[in-house]
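Undergrad: Please read through the structure below; I'll follow up with questions.
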Amino acid sequence: MRRLGTQVELLRTNTEYAPTFASIIPRASQAVFIATGCTPRPQSWEGEQTLMQVEVDCPDT
């Protein structure tokens, strides 16, 4: 996971076979919050199952 301002990029590394993009978003959202303290904007998810980007709202910005 990398963060630059209000943009976060996530790289999925687990071995789950062929998950859908929609099934990953809840877990990815939780990971973003735990790692950054920022809340992902629900309609801003882009990318695919392996590499995703999301805009976030952070208390420090």
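The values are calculated or read from the model by the stated rules, or taken from the named source; none is laboratory data. As the structure is a prediction and not an experimental result, all values here were calculated from the model. Cβ atoms come from the backbone with ideal geometry, glycine included; neighbour counts cover every protein chain shown.
Undergrad: Within the range 8-42, how many residues turn out to be part of a strand (DSSP E or B) and surrounded by fewer than 13 Cβ atoms within 10 Å (Cβ to Cβ)?
TA: Residues that pass the stated criteria total 1.
Undergrad: Among all residue pairs at least 6 apart or on different chains, which show Cβ distances below 6 Å where the first residue, located in the range 1-26, is closer than 17 Å to residue 38 by Cβ and the second is at pLDDT 95 or above and aromatic (Phe, Trp, Tyr)?
TA: 25/45
Undergrad: Cβ-Cβ below 9 Å, separation at least six or inter-chain, first residue in the range 33-45 and touching a residue at least 40 places away in the same chain (Cβ under 8 Å), second in a strand (DSSP E or B): which pairs?
TA: none
Undergrad: Quick one: is residue 3 among the basic types (Lys, Arg) and part of a strand (DSSP E or B)?
TA: yes
Undergrad: Search the range 45-55 for residues being surrounded by 14 or more Cβ atoms within 10 Å (Cβ to Cβ) and not in a loop (DSSP other than H, G, I, E, B), and hand back the single one that is farthest from the chain's Cα centre (by Cα).
TA: Filtering the range 45-55 for residues that are surrounded by 14 or more Cβ atoms within 10 Å (Cβ to Cβ) and not in a loop (DSSP other than H, G, I, E, B), the one farthest from the chain's Cα centre (by Cα) comes out as 47.
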